[in-house]
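Asker: Let me give you the structure first, and then I'll get to my questions.
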Amino acid sequence: VDGNLAEIEPSTAESATDALRHAREPLSEFAHALIAGLSARNKSVPCRFFYDAAGSALFERITELPEYYPTRTEMRILQSRAGEIPSLAPSDAVLIEFGSGSSTKTELLLEVMRDLYAYVPVDISEAALVDAEARIKTRFADLRVLPVAGDFSRPLRLPDEVAGKPKLGFFPGSTIGNLTDTEAAELLANMRRILGADSTLIIGADLKKDVRRLIAAYDDAAGVTAKFNLNLLHRANRELGADFNVDAFRHLATYDVRHGRIDMHLVSRDEQTVQVLGHRFRFAAGERIHTEHSHKYDIDGFQALAERAGWRPQAVWTDPERLFSVHVLRA
Ligand code: AVJ
């Protein structure tokens, strides 16, 4: 991808002001990733670009679908273990949440850990942090909230105020499942470095199960996951003036047994050409854009992954149907 893409003629679908905006702005991270991903022989787009405002709202709807068991199952596991959670860290510990998008689960932890020294939400999005802080402050007025804007997949400095305090990390939702095994091990190792020697990590990991049940969770009857996936193309049209005919693509969820993961794709219904910021991309009929990996684990496999990253498995909690797991890891 060259650096001059913003100077290329805008497509006719844009208004004049949009064209000026695209011409003046440096290319967004989304533009770079989309153009690079569609230029590859096997087309793909990183799943983090699902989450613009529309995509985040659609994800919230996914979590309420009857087929999408992870969110409610993890919540039930945490509720059933609420009595044990305070014993996982000393009373003056600091709760560090990686990603700040999961308020109901966080509130459950804060509810049972009343003497925390501070709550530190970590997120790349400043806007998400402002929201998280406001939400938490209304319910826990006396809690010290110290938001950190940053990327927790890289070295990250916590506020000086929490130096030397014991840490309890929290990474719910099986978000780790979006990463390959190598990336997941690196992330876990980085979290261990961020949290330090006197720390515990509570992390959610979705479990392997009947393939039909897995597919249903990623291809629901109401079509919300399809909308969530296709929103990526709408986003490209809105933000980059791309000319995707969204109806000419369909949602597809598959399960890869070898890697133990759900894969999401957007499938071109016909042969077609799409334009993004002056770049033309050809699609054959049936050609796919890969949009997401969602890894499923067994308990031993996840513990082995955590151990590779320097963590010691301390406990694992699941639901009676064994749909989802919450691991407690010790540094
Ligand atoms: C937010 C990554 C945990 O993989 O289950 C839901 C995202 N994608 N439906 C998941 C998602 C399609 C979700 N995570």
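Quick note: the coordinates plus some simple rules give every number you see, no bench work behind them. Quick caveat, the model's predicted, so the values are computed rather than measured. So basically every Cβ, Gly included, is an ideal-geometry build from the backbone, and we count neighbours across all protein chains shown.
Asker: For region 140-158, give me each residue that is small (Gly, Ala, Ser) and part of a loop (DSSP other than H, G, I, E, B).
Answerer: Matches in region 140-158: ALA141, GLY150, SER153.
Asker: Got at least one residue in region 222-234 being within 15 Å of the ligand (Cβ to nearest atom) and exposed (fewer than 14 other Cβ atoms within 10 Å of the Cβ)?
Answerer: For region 222-234, residues within 15 Å of the ligand (Cβ to nearest atom) and exposed (fewer than 14 other Cβ atoms within 10 Å of the Cβ): present.
Each row is one residue, and each column tells you yes or no for (1) under 24 Å from GLY223 (Cβ atoms); (2) touching a Gly at 6+ places or on another chain (Cβ under 9 Å).
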residue: ARG48; (1), (2): yes, no
residue: GLY55; (1), (2): yes, no
residue: GLU67; (1), (2): yes, no
residue: LEU88; (1), (2): no, no
residue: ALA93; (1), (2): no, no
residue: ILE96; (1), (2): no, yes
residue: SER100; (1), (2): no, no
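Asker: If you don't mind, another one. Looking only at region 49-99, filter to residues that are acidic (Asp, Glu), touching a Ser or Thr at 6+ places or on another chain (Cβ under 9 Å) and assigned to a loop (DSSP other than H, G, I, E, B); which one of those is surrounded by the most Cβ atoms within 10 Å (Cβ to Cβ)?
Answerer: GLU67
Asker: So in region 286-314, with the set limited to residues that are within 20 Å of the chain's Cα centre (by Cα) and part of a helix (DSSP H, G or I), which one is surrounded by the fewest Cβ atoms within 10 Å (Cβ to Cβ)?
Answerer: My answer is LEU305.
Asker: While we're looking at this one, here's another question. If you go through region 286-293 one residue at a time, do you hit one that is within 16 Å of the ligand (Cβ to nearest atom), of a type outside the set (S, T, N, Q), in contact with a Lys or Arg (Cβ under 6 Å, 6 or more places away or on another chain) and closer than 30 Å to SER28 by Cβ?
Answerer: Looking through region 286-293, at least one residue is within 16 Å of the ligand (Cβ to nearest atom), of a type outside the set (S, T, N, Q), in contact with a Lys or Arg (Cβ under 6 Å, 6 or more places away or on another chain) and closer than 30 Å to SER28 by Cβ.
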